[in-house]
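Enquirer: Have a look at this one before I ask anything.
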Amino acid sequence: MQSKRERRQDELFIASSLSALIPDDHILKRVDRILDLSWIHDAVRGCYCQNNGRPSIDPEAALRLMLAGFFYRITGDRELMREAQVNIAIRWFMGYRLDEPLPDRSSLTTIRQRWGDSLYRDVFERTVKQCMAAGLVNAQTVHIDATLIRADVSWDSIVTHHVEQTIEENKDDDNSDAPLPPRRGRHRSSPPQQKKYSPTDPDASMATSSHRYHLEPSYKQHTAVEDSNGVIVNVEVTTGEVNEGHRLIGQIERIESLTGTPIETVTADRGYAHPTNYALLEAKGIDAIIPPQAVAVRKNTVQRLPLRRFKYDAHKHRVTCPAGKHLHRAGRNTTDKAYWYRARSRDCAACPLRERCISSSSSSRHVLIVDGYAALIRARRRKEKGWDDATRENYTRHRWRVEGVHGRAKQQHGLRRAARRGLSEVRIQSYLTAAAMNLKKLTTVTGRALLRVIFALWRKPTLWNQNQPPTLYIHPMTTVWALSF
């Protein structure tokens, strides 16, 4: 029978709570069961006057509002407050009534600036510890990678930064006549490349993730994910031009300090294949599953004997050339953190490989051995011999573990582009994104563990009457279960 329903609802008072209007499988309701932010009041007490001024916004309510936005893929304050006006679940998650006015969006900016990014990192680290308490973290194997976050600037704002103009403008008036120190090293044959930046967000720098793609003003997020359940155990944000390989050891130290577990295996891509990283990981007893970078081959030039043809003895600090002659240390290159090794002129003069080894204007061959070169050679030999099954499996897991985290953060939580400007603001966005993803992981895995317990109880016949077995109800596509006896 066809029916017609009145669309208008004239009832002002409804005998129901906000919690009853929200489904039990809603993400905010699931997170609310495990989220404890009672500590935030003591943590931000020094940011407020305790005996004067207007009453502030409840810190826990403000932090819950920020977190709710990342569950809805809302990163802007204006859009978040517009959604909170009509979204019952967000109001309930914050603790606000339907008739209670919400804070102004400018208050969120003030709160972020007042609290600082260190407090939001504490929020993220507490989610890691909560996952550890639930048994979801196995930090013995860690996958590390970096990704770029597009800065919130337009292409029209990008200008060229002239080095000479900057030096001239920043000269000290008292030392304006003092000559600049001489430049060390060889003189440039061409002028330095002009650097571009955006005055709208000076903290961002031009970077790209591939040589086939153009440079963009970006920030770089360095992420570490544990192996068992994909929990994010470390997040760090820098400017886009920072080399991710220089951040590897610092990340490992922070992870071990946070989890209290020594790391046994680290996986990363070729961007982390630095000789110093291999050496430091060997010293720590960590298995480094990092594929070495391919040896560069110069094109359209006369090929000399490559460095890989020379044998390096790390104990005696000497290099042996293909002809069997020894090269000894000749000096330190502090810029590249390496030592120069030089052969004797008389050895090179009578060497049958002279034409293939050095140019006609050189008297002897010299090579540059960077710190950790011996560890790099061992990593190359291990890769050339072929990784075993366990090593290949770990590196395969690295690809879908940490790269999958970056994909979900950008696709589902709005991390593809920075919501605000400045390094501190981007760090806050990154910390809250990682915290939201850990909380989602905690609710999902905890629900699965509860399901396993329910099935174990359901299979035990001694817990109920044999004539009346229990009824197990599982709501489809949710984490709501009911077990009745």
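No value in this document is a laboratory result; all are computed from the given coordinates. Just so you know, these numbers come straight off a predicted model, no measurement behind them. Virtual Cβ from ideal backbone geometry, glycine too; neighbours counted across all protein chains shown.
Enquirer: Can you compute the modelled spin-label distance between Arg381 and Ile34, with each label point 7 Å from Cα toward Cβ, in nm?
Expert: Once both label points are built, they end up 4.6 nm from each other.
Enquirer: Once you have the Cα-Cα distance between Asp24 and Trp155, take 0.36 nm times their residue separation minus that, and quote the gain in nm to one decimal.
Expert: Here the answer is 42.7 nm.
Enquirer: While we're here: List, in order, the whole-Hz ³J(HN,Hα) value for each residue of the range 324-334 obtained from phi through the Karplus relation with A = 6.51, B = -1.76, C = 1.60 and θ = phi - 60°; use x for Gly and Pro.
Expert: With coefficients 6.51, -1.76 and 1.60, one gets x, 8, 9, 10, 10, 4, 10, x, 10, 9, 6 Hz.
Enquirer: Which residues' amide hydrogens lie under 5 Å from the amide hydrogen of Asp287, considering only partners 5 or more residues apart or on another chain, with H built in the peptide plane?
Expert: Thr265, Val266
Enquirer: While we're on this one: Give me the percent of Cα-Cα pairs in the range 307-368 that sit more than 13 Å apart, rounded to a whole number.
Expert: 61 percent
Enquirer: Hey, got a sec? Which GluC sites (Glu not before Pro) in the range 243-342 land in a DSSP loop and have at most 10 other Cβ atoms within 10 Å?
Expert: none
Enquirer: Relative contact order for the range 249-358: what is it in percent, counting Cα pairs under 8 Å that are at least 6 residues apart?
Expert: Rounded, it is 15 percent for the range 249-358.
Enquirer: Measure of size requested: the Rg and Dmax of the range 212-307, with Cα atoms as the atom set and Å as the unit; please supply both.
Expert: 16.5, 53
Enquirer: Using only Cα positions of the range 17-62, each an equal point scatterer, no hydration layer, compute I(q)/I(0) via Debye at q = 0.21, 0.23, 0.28 Å⁻¹ and quote the log10 values to two decimals.
Expert: The computed values of log10 I(q)/I(0) come out as -0.80, -0.86, -1.05.
Enquirer: Let me ask you something else. With labels modelled as points extended 7 Å from the Cα through the Cβ direction, what inter-label distance (nm, one decimal) is found for His366 paired with Asn333?
Expert: 1.0 nm
Enquirer: Same structure, new question: Taking θ as phi - 60°, what are the ³J(HN,Hα) couplings along the range 139-146 by the Karplus curve (6.51, -1.76, 1.60), each to the nearest whole Hz, with x for Gly and Pro?
Expert: Coupling constants for the range 139-146: 7, 5, 10, 10, 10, 10, 7, 10 Hz.
Enquirer: Based only on Cα atoms, what mean projected area does the convex hull of the range 349-433 have, in nm²?
Expert: Dividing the Cα hull surface by four gives the mean projection, 11.8 nm².
Enquirer: Using only the Cα atoms of the range 14-105, what are the Rg and Dmax in Å?
Expert: Answer for the range 14-105, Rg first and Dmax second: 14.1, 42 Å.
Enquirer: Considering Cα pairs under 8 angstrom that are at least six residues apart, work out the relative contact order of the range 307-368 and quote it in whole percent.
Expert: Working: 86 pairs, mean separation 15.2, N = 62.
Relative contact order of the range 307-368: 24 percent.
Enquirer: Hey, another quick one. At a Cα cut-off below 21 Å, give the lysines reachable from Lys410, other chains included and same-chain residues fewer than 8 away excluded.
Expert: Lys220, Lys440, Lys441
Enquirer: Sticking with this one: Using amide H atoms built in the peptide plane, which far-off residues or other-chain residues are under 5 Å from Leu327 H to H?
Expert: Answer set, sorted by chain and number: Val319, Thr320, Cys321.
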